[in-house]
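J.: Please find one structure pasted underneath; my questions will follow.
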Amino acid sequence: MSQTVFLINGPNLNLLGQREPEVYGSDTLEDVTVRCDRLARTGGLDLKAMQSNHEGDLIDMIHRARDEAAAIIINPGAFTHTSVAILDALNAYDGLVFEVHISNVHKRESFRHHSYVSARADGVLAGFGVEGYELALRRIISLLG
Ligand code: CA2
């Protein structure tokens with residue numbers, strides 16, 4: 001049976017492609033998910049994608065990953081910079097974790113420079129636009145394959 005990768009997106013990322021294209025590009029979250037889904041299948045993996053604006057839902061999904069996923073790709077949105085609870089959930093997960101930010105958070109306001117999630121992540125991509133999700137997935141395919 002194929003191994004599963006969870007693609008988890010946090011608050012406001014449902015608006016991708018609808019606002020601020022100069023920062024986040026013009027692809028929608030659906031576009032990103034379709035591309036990642038295709039790439040995962042090419043690499044022999046299943047992809048399960050979810051987005052939520054609610055911290056508890058993201059934590060519940062990370063808990064589900066403990067039994068269901070070999071890797072997580074997560075863009076926690078603004079919770080990146082605030083959520084010890086998401087870090088705690090990821091610390092209770094044994095698989096691979098890749099943190100993705102569409103924008104280069106280090107080139108932006110100083111409150112975006114710190115990430116709680118990076119303390120757990122096996123890799124961090126920032127500033128590669130939405131291609132960052134596919135780059136993270138390529139790395140997972142090469143590690144799991
Ligand atoms: O660069 C990233 O991917 C971020 O995780 C995006 C978060 C931001 O708070 C982080 O500092 C960096 C914000 C997501 C908001 O997404 C939108 C997308 C399109 C239009 C409006 C918001």
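The values are calculated or read from the model by the stated rules, or taken from the named source; none is laboratory data. It should be emphasised that the depicted structure is a prediction, and the values quoted were computed from it without experimental measurement. Ideal geometry is used to build each Cβ from the backbone, glycine not excepted, and the neighbour counts take in all protein chains shown. These accessible areas exclude ligands, DNA and RNA; they are computed on the full protein's heavy atoms, side chains included. Shrake-Rupley method; radii C 1.70, N 1.55, O 1.52, S 1.80 Å.
J.: Can you give the accessible area per residue of the chain, in Å², using a 1.4 Å probe?
T.: Here the residues of the chain average 51 Å² of exposed surface.
J.: By how many nm would the segment from PHE111 to HIS54 grow when fully extended, if each residue of separation counts as 0.36 nm and the alpha-carbon distance is taken off?
T.: Taking 0.36 nm per residue and subtracting the Cα distance, the gain is 18.5 nm.
J.: Quick query: amide H of ASN104 versus all other amide H atoms, modeled in the peptide plane; which residues come in under 5 Å with a sequence gap of 5 or more or a different chain?
T.: Here GLY127 satisfy the definition.
J.: Follow-up. Can you work out the Karplus-derived ³J(HN,Hα) for every residue in the stretch 128-145? Use 6.51 cos²θ - 1.76 cosθ + 1.60 with θ = phi - 60°, whole Hz, and x for glycine or proline.
T.: These are the phi-based 3J(HN,Hα) values: 9, x, 5, 4, x, 5, 5, 5, 4, 5, 4, 5, 5, 4, 6, 6, 7, x Hz.
J.: With only Lys, Arg, Asp and Glu charged, each at its Cβ (+1 for the first two, -1 for the last two), find how big the charge dipole of the chain is about the Cα centre; round to the nearest 20 debye.
T.: 280
J.: Using 0.36 nm times the number of residues separating ALA119 and GLU131, minus their current alpha carbon distance, what extension gain do you get?
T.: Once the chain is fully extended between ALA119 and GLU131, it gains 2.1 nm.
J.: Take ALA92, project a point 7 Å from its Cα along the Cβ direction, then tell me which residues of the stretch 25-67 have their backbone nitrogen under 12 Å from it.
T.: Answer for the stretch 25-67: 59-67.
J.: Sum -39500 (n - 2.57) across every DSSP H segment of at least 4 residues in the chain, then divide by the residue count to get the 222 nm mean residue ellipticity, nearest 500.
T.: Helices in the chain give a 222 nm mean residue ellipticity of -11000 deg cm²/dmol.
J.: Please tell me the relative contact order of the stretch 3-144 in percent, rounded to the nearest whole number, where contacts are Cα pairs under 8 Å and at least six residues apart.
T.: Normalised by residue count, the contact order of the stretch 3-144 is 28 percent.
J.: To continue, here is another question. Between the stretch 1-73 and the stretch 108-124, how far is it from one alpha carbon centroid to the other, in angstrom?
T.: First find each Cα centre; the distance between them is then 18 Å.
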